[in-house]
Amino acid sequence: MSKTMTGAEMVVQALQDQGVTHLFGYPGGAVLPIYDALFHQTKIQHVLVRHEQGAAHAAEGYARSSGKVGCLLVTSGPGATNAVTGLTDALMDSIPVVCITGQVPTHLIGSDAFQECDTVGITRHCTKHNYLVRKIEDLPRILHEAFYIARSGRPGPVVIDIPKDVQFASGIYQPPKNIQHKTYHPQIKGDLAKIKQALAMMAKAKKPIFYTGGGVINAGPAASTLLRELAAQTGFPVTSTLMGLGAYPATGRNWLGMLGMHGSYEANNAMHDCDLMIAVGARFDDRITGRLDAFAPYSKKIHIDIDPSSINKNVAVDLAIVGDCAHVLEDMVRLWRSESLSADKKSLADWWSQIDRWRARKSFAYRKSDKTIKPQYAVERLYELTKGRKTLITTEVGQHQMWAAQHFHFEEPNRWMTSGGLGTMGYGLPAAIGAQLANRDALVVDIAGEASILMNIQELSTAKQYRCPVKIFILNNEYMGMVRQWQELLHGGRYSSSYSEALPDFVKLAEAYGLKGMRCSNPADLDAAIQEMIDSPEGVVFDCIVDKAENCLPMIPSGKAHNEMILPDADEDIGNVIDDKGKMLV
Amino acid sequence: MNAQTPAALSPYSSSAGKASRTETHTLSVLVDNEPGVLARVVGLFSGRGYNIESLTVAEVAHAQALSRITIVTTGAPETIEQISHQLERIVPIHKVTDLSLLDGFLQRELAMIKVRGKGEARTEALRLGEAFRARVIDATTESFIFELTGAPKKIDDFVELMRPIGLVEVARTGVAAITRGPQGM
C-alpha cells in the first residue's frame, strides 16, 4: 500500500485515510502545494473560511457535533497566528482538532522570511502537541500520529507545521496502521478495586450528587447512555457543567439543571450540602466551584477523569479513578447491578424533598413583559418552537450564552457547542457552520449577542457559499451585556465602553451577504417570527431586540460560595454584593 | 533560575485556606531527545508559575535518542504532585519520577570556583580545597580554579568559605540525580 508521492499529496492522502470529510482552511503562499493536491481530488470538501480563526472554530463545531476529529489548513505566519485563538479554545475545552500550517522552506527558517513565524513555538502552549516536519520521511508518521494524539485520552488540538520544501519533496507514503505510540498511552480502563470502593461509598451516601462535565460528552454517546442508566439505578440527582449539557436529558427525572456561577439554585445548593459528590469528566473549574474554601464542605468526593492532572488540581478528592468515563461508567453500572447494591432509599427521599424545596425557589424565573422581549423569553420560545427536531445550538460568549444554557434544554449529547473554558466571543457562527456541514439534516442555531457576532461576522460569507442554512439568533440588547452586568456589580454602574454603539443594521447586513435578515422587537410577534426563521431554507440573521437592562441571574458572585447566590427576586442592590476581595477575581 | 513568587492567594487558589508547606523535590524526567522538548518542559514551568531551582539535561542513551532532565523544584506537596502529572501530559516524555518520594537517591553537582589572592589567602584556599577534596584545575600566581563535585549543600559551603578569601566567580552545572540500589527509574 505504500506509494511514492509528494509531501503535499501525502497530506491529502492521510486526511482521506483518516476519514476527514471537510477541511476548513484559507490558502496562502506556504500551503499552495497542498491546495494544488486538493484540487485533484473530490473526497474531501475544502471549506473556504474568511478568517483563520473561523476555520479553527468551524473545525471545533464539526468535531463537537460529530465526535470526529476536526481539521483545518492555514498558511504560515498570519495564517497560523490567526488560528491561535481557536486552537487555545480547543485546548481549553478538550476538542480534537488537527491543524496543518504551512511554513517557509526549511533553509529560510529563522531568517525572518516573508510570512514566517515560529509556529511551533507560538502554539506550544495552546496545543496538546505540535510538530515541525523537517524531513519528508517523517511526514506520514507525523500525520497519523497527530490524529491519534488529537482524539485519544483527553482530546485536544495538534498542529503540524510543514515547510514548503517538504510539501514539494517526494517520499514513500505509509497508510495508517494501529499506532503503537512510543510514549502516549492514556489510561482507558479504571481501576476495578477503586470502582468498587466508589460504589460502596455511593451505597452508603445520604446526600449524593453526580457532577458531570464535558468528559462525558467526549467519551462518546455510550457514556451518556451509561450515565443515564447509573442515575436511574441509584436515583441520585444529576447536575452538569456548561460543557456537559445534554449528557443527561433535561427532561430526566434526576436533573437539577446546570451548576456553577449561573447555575440553578437547586444544583448549587445540592453541591454545597451533599455528603458524596461523584465528579464524572469534570474539572472543578472556578466557574463551578465558586469560593474554594467553602466548596462542598461536608462532602466526600470521587473524581473520574481520563487526565491525571485534573485530579487534585483545584480541589482535593477522596477517591480518584483515572480512566475514560464510558469505561468507568460501564463498570459502575455492571457492578452496581451484579453486586446487588442499592442506595439508602430513606435518606435519598429526604434529600430529594430538600432539593424540591430549593427547586421551588424557581431560580431561573424572570419578570415577564408584554412590551419588550425578555432575552430569557426569546430563548424559551426558540426552545419550544424547535422541540422535536434535531436542533444543534452554538453560542457566542456572554449573557446570551448563559441564558441559552439556562433556558434551552438538551436531551442528547453533541447538540450544544459553546466556548466554555476560553470564553471566546466570535465562536458561535463559525462553529455553527462546522456543525451544519457535519449534520446536513439538523437545524443549527447560533444563539448570539450583537457584540459577539461582530467578532467573526465575515463567516456569513462562508455560510452563504456552502449553502449552510444556519440561523443566527441575536439577542440584541445593545450592550456587551455581561460586561455591563459586571460593571453594575463592581463598578458603580459606570458602563465604560460596554455600550454597542454604531451597530450595523443586521437585516441589511444579512442581505448584503445574500442571506435572509429579520427583526423582531414585539413579544407578540416573536413566535411567528421564530417560526419563519426555522422554516426558511436559507441562512437567517435574526435581530431579536431584547430588554437592554436585563441581568443574567441567578449568580454566584465572585468570591462567594454555592449557597450565597443572588436570586432574580433579590431586593438587594446587586452593586453591594461583592466584597473587595471578590472584586479582584474575574 | 527565574523563581516566580506565588500570586497572592485568592479564594479561587487551590491553597486558599490551607497552610501550605514548601518542600524541595528532585524530579527525573526521561524524554525523547527531539527539538523543542526542553522548551516544552521549561514552558510548562513558566506558564503555570512553578519554580525551577535547578535544571540539567543531557542525552543518556544515544541509540534510543533519550535524554534525562533533572529538575529541582519547590512548592507545596500538592503542587509538586501537579507538576509531575502536568509533565506526564507532554507527549515526548517517557517517564517522570519524583526521586524525593523514593527511599533514597543521590544528587551531585559539579562546580568550578575561581578564587583570587596572594600569600596567606592563597594557602588558606588550597588547604580548604583539600579538606573539601576539590581539585585545582588552573593556577596562576594570584588565582586558582577549583573543581568540586558534591551535593549542592557541599558546594554552597565551599563557596561561602571562599568568599572572604577572594571569590571571583562560580560556574555550576546544576543537579544530576539517581536512585540508590539496583533498580532503574
*How large are Rg and Dmax for segment A:252-333 when only the alpha carbon atoms are used, in Å?*
12.7, 33
*Can you figure out the FRET efficiency of A:Leu585 with A:Lys135, using R₀ = 56 Å and their beta-carbon distance, to the nearest 0.05?*
0.70
*Any idea how far apart A:Glu412 and B:Ala39 come out in nm if each label point goes 7 Å out from Cα toward Cβ?*
4.3 nm
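Over chain A, what relative contact order in percent results from Cα pairs under 8 Å that are six or more residues apart? The partial results should precede the final answer.
Working: 1332 pairs, mean separation 83.4, N = 586.
So the answer I get is 14 percent.
With the other protein chains left in place, how much accessible area per residue, in square angstrom, belongs to segment B:106-177 at a 1.4 angstrom probe? Write out the running numbers ahead of the final one.
On the way: 4170 Å² over 72 residues.
Ligands and nucleic acids excluded, the figure is 58 Å² per residue.
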*Which FRET efficiency, nearest 0.05, do B:Leu101 and A:His125 yield, Cβ-Cβ r, R0 35 Å?*
0.80
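So what is the relative contact order for chain B, in percent, with contacts set as C-alpha pairs under 8 Å and at least six apart? The partial results should precede the final answer.
Working: 320 pairs, mean separation 43.5, N = 185.
Relative contact order here is 24 percent.
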*Over segment B:106-177, calculate the relative contact order: mean separation of alpha carbon pairs under 8 Å at least 6 apart, over the residue count, as a percent.*
52 percent
*asked:* Please report the antiparallel percentage of the DSSP beta bridges confined to the protein assembly as shown, to the nearest 5.
replied: 45 percent
*Hypothetical label at A:Ser369: residues of segment A:548-586 whose amide nitrogen lies under 15 Å (7 Å Cα-Cβ projection)*: A:548-553
*What nm distance separates the two modelled labels at A:Arg357 and A:Asp527, each placed 7 Å from Cα along Cα→Cβ?*
3.8 nm
_Net charge of neighbours whose Cβ lies under 12 Å from the Cβ of A:Thr101, counting Lys and Arg as +1 and Asp and Glu as -1_ = -3
*Tell me, what is the FRET efficiency for B:Glu78 and B:Ala171 to the nearest 0.05, using R0 = 30 angstrom and their Cβ-Cβ distance as r?*
0.30
*asked:* I'd like the carbon and sulfur percentage of the solvent accessible area for the protein assembly as shown, probe radius 1.4 Å, heavy atoms only, ligands and nucleic acids excluded.
replied: 52 percent
*Find how many whole Å separate the alpha carbon centroid of segment A:82-126 from the alpha carbon centroid of segment A:199-216.*
40 Å
_Need one value for A:180-191: mean number of C-beta atoms belonging to other chains within 10 Å of its residues' C-beta atoms._
2
*Shape parameters for segment A:1-105, alpha-carbon atoms, Rg then Dmax in Å*: 13.1, 38
*Relative to the first principal axis of the alpha-carbon coordinates of chain B, what is the inclination of helix B:37-48, with its axis defined by its Cα atoms, in degrees from 0 to 90 and to the nearest 10?*
70 degrees
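Per DSSP H run of at least 4 residues, take -39500 (n - 2.57); add these up for chain A, divide by its residues and hand me the 222 nm value, nearest 500 deg cm²/dmol.
On the way: 22 runs with 218 residues, N = 586.
Using -39500 (n - 2.57) per qualifying helix, the result is -11000 deg cm²/dmol.
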*How much net charge surrounds A:Ile34 when only the other residues with a Cβ under 10 Å from the Cβ of A:Ile34 are counted, with Lys and Arg +1 and Asp and Glu -1?*
-1
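Strictly over 22 Å apart at the Cα level, which of A:Lys182/A:Lys301; A:Lys371/A:Lys508; A:Lys368/A:Lys548 would you flag in this model?
Numbers: A:Lys182/A:Lys301 34 Å; A:Lys371/A:Lys508 25 Å; A:Lys368/A:Lys548 14 Å.
Where the Cα-Cα span goes over 22 Å, the pairs concerned are A:Lys182/A:Lys301; A:Lys371/A:Lys508.
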*Which value does Rg/Rh take for segment B:39-85 over its C-alpha atoms, Rh per Kirkwood?*
1.04
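Rounded, prolate or oblate: which fits segment A:95-148 when a ≥ b ≥ c are the square roots of the eigenvalues of the alpha-carbon gyration tensor, with rounded for a/c under 1.5 and prolate only if a/b beats b/c? Write out the running numbers ahead of the final one.
Working: a/c = 2.63, a/b = 1.38, b/c = 1.91.
It is oblate, given that a/c is not under 1.5 and a/b is not larger than b/c.
Which semi-axis lengths, in whole Å and largest first, follow from the square roots of five times the eigenvalues of the Cα gyration tensor of segment B:106-177?
On the way: eigenvalues 89, 23, 20 Å².
Listed largest to smallest, the semi-axes of segment B:106-177 are 21, 11, 10 Å.
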*19 Å cut-off, amide nitrogen to a point 7 angstrom out along A:Ala349 Cα→Cβ, residues in segment A:256-300*: none
*B/A buried area, accessible surface, summed, 1.4 Å probe, Å²*: 2200 Å²
*Starting from the Cα-Cα distance between A:Val507 and A:His40, subtract it from 0.36 nm times their residue separation and give me the gain in nm to one decimal.*
164.2 nm
*For segment A:122-264, what are the per-bin percents of Cα-Cα distances with bins 10 Å wide, up to the bin holding the maximum?*
10, 27, 26, 18, 13, 6, 0
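From the convex hull of the Cα coordinates of chain A, what is the mean projected area in square nanometres?
Details: hull surface 107.9 nm².
Directional mean of the projected Cα hull area for chain A stands at 27.0 nm².
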*asked:* Per 0.36 nm of contour for each residue apart, how much would the distance between A:Glu564 and A:Asn576 grow if the chain were fully extended, relative to their Cα-Cα spacing?
replied: 3.0 nm
*Place a +1 charge on the Cβ of each Lys and Arg in the protein assembly as shown and a -1 charge on the Cβ of each Asp and Glu, then give the dipole magnitude about the Cα centre in debye, rounded to the nearest 20.*
1380 debye
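In the structure displayed, which of A:Lys207/A:Lys583; A:Lys206/A:Lys300; A:Lys362/A:Lys583 lie more than 23 Å apart, Cα to Cα?
Numbers: A:Lys207/A:Lys583 33 Å; A:Lys206/A:Lys300 11 Å; A:Lys362/A:Lys583 28 Å.
Pairs exceeding the cut-off: A:Lys207/A:Lys583; A:Lys362/A:Lys583.
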_Surrounding net charge for A:Leu329, when Lys and Arg each add one and Asp and Glu each subtract one, Cβ distance under 15 Å_ = 0
*Would you mind giving the average projected area, over all directions, of the Cα convex hull of segment A:435-586 in nm² with one decimal?*
11.2 nm²
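Find the all-direction average of the projected area of the Cα convex hull for chain B, expressing the result in square nanometres with one decimal place.
Numbers: hull surface 54.0 nm².
The directionally averaged projection comes out at 13.5 nm².
The values are calculated or read from the model by the stated rules, or taken from the named source; none is laboratory data. What you see is a predicted model; the values in this text were computed from it and never measured. As a convention, Cβ positions derive from the backbone with ideal geometry for all residues, glycine included, and neighbour counts pool all protein chains shown. Note: accessible area is taken over every heavy atom of the protein model, side chains too, but ligands, DNA and RNA are not part of it. Shrake-Rupley method; radii C 1.70, N 1.55, O 1.52, S 1.80 Å.
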